[in-house]
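S.K.: To start, I am sharing the structure in question, which I have written as structure tokens.
The values are calculated or read from the model by the stated rules, or taken from the named source; none is laboratory data. The shown structure was predicted, so the numbers you read here are calculated from the model rather than taken from an experiment. Reconstructed Cβ throughout: ideal geometry from the backbone, glycine too, with neighbour counts over all protein chains shown. With ligands, DNA and RNA removed, areas are computed over all heavy atoms of the protein, side chains included. Shrake-Rupley method; radii C 1.70, N 1.55, O 1.52, S 1.80 Å.
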Amino acid sequence: MQEKQDLDAYAKEKFGADYKTKYNVKSLKWGSQMPKKGIATDGGLAKYNSKDELIYVGKQAVGGVTIGGNSIYISDTFASYPSMFLESTIGHEFVHSYQHMKFGSNYNSSYSEFSAYQYSIDFSLKNKFDSSMTQQYRSYQSGYTKGLKSYNYQNIPGF
């Protein structure tokens, strides 16, 4: 596997030097930097699996996870994918982090997931991802509820 990029430098390049302030990000790390015991989330225990370099929430593999509204972990497997997949995954998690900040105690995880997957779908279409990837995002999105217009990711500065 190639050497992993510095996620902070990558996020600054793709989302702006002010991304932490703009999207309410406290930390952005690789999944391999998660505590070995895992981290509790609303969806279950998030743990990193070094064998396939993915983060799992319960039994579900995920590209990234936002913990506590502003600490983001990205599955290490994206270090070996083309850069646009990493950008899409980080952007998806930034949607969650921003919406945690915007809605506070009124944050709705289903609305946020729907919105973040819409970002992923639009990003994949714009960047000509394989159609099976776009379809996979649509399939994931179908498990969530479309929220109020205020949850539209396009309302987020820079998106």
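S.K.: For S110, only one of the following conditions fails: (1) polar (S, T, N, Q); (2) in a helix (DSSP H, G or I); (3) crowded, with 21+ Cβ neighbours inside 10 Å. What is its number?
M.R.: Status for S110: all satisfied but (3).
S.K.: Another question about this same structure. Hey, could you check region 113-152 for residues that are touching a helix residue (DSSP H, G or I) at 6+ places or on another chain (Cβ under 6 Å) and in a loop (DSSP other than H, G, I, E, B) and say which is farthest from G43 (Cα to Cα)?
M.R.: N127
S.K.: Here is a follow-up. In this structure, does A40 turn out to be surrounded by fewer than 19 Cβ atoms within 10 Å (Cβ to Cβ), without any contact (Cβ under 8 Å) to a residue 24 or more places away in the chain and closer than 20 Å to M101 by Cα?
M.R.: Values: surrounded by fewer than 19 Cβ atoms within 10 Å (Cβ to Cβ): yes; without any contact (Cβ under 8 Å) to a residue 24 or more places away in the chain: yes; closer than 20 Å to M101 by Cα: yes.
Yes.
S.K.: Mind listing whichever residues of region 58-67 are open to solvent by less than 30 Å² (accessible area, probe 1.4 Å) and out of contact with any helix residue (DSSP H, G or I) (no Cβ under 7 Å at 6 or more places or on another chain)?
M.R.: Across region 58-67, the qualifying residues are V65, I67.
S.K.: OK, next. Taking the options E53, E87, name whichever one is more than 26 Å from P157 (Cα to Cα), surrounded by 13 or more Cβ atoms within 10 Å (Cβ to Cβ), at pLDDT 95 or above and of a type in the set (D, E).
M.R.: Details: E87 fails: more than 26 Å from P157 (Cα to Cα).
Only one candidate passes the filter, namely E53.
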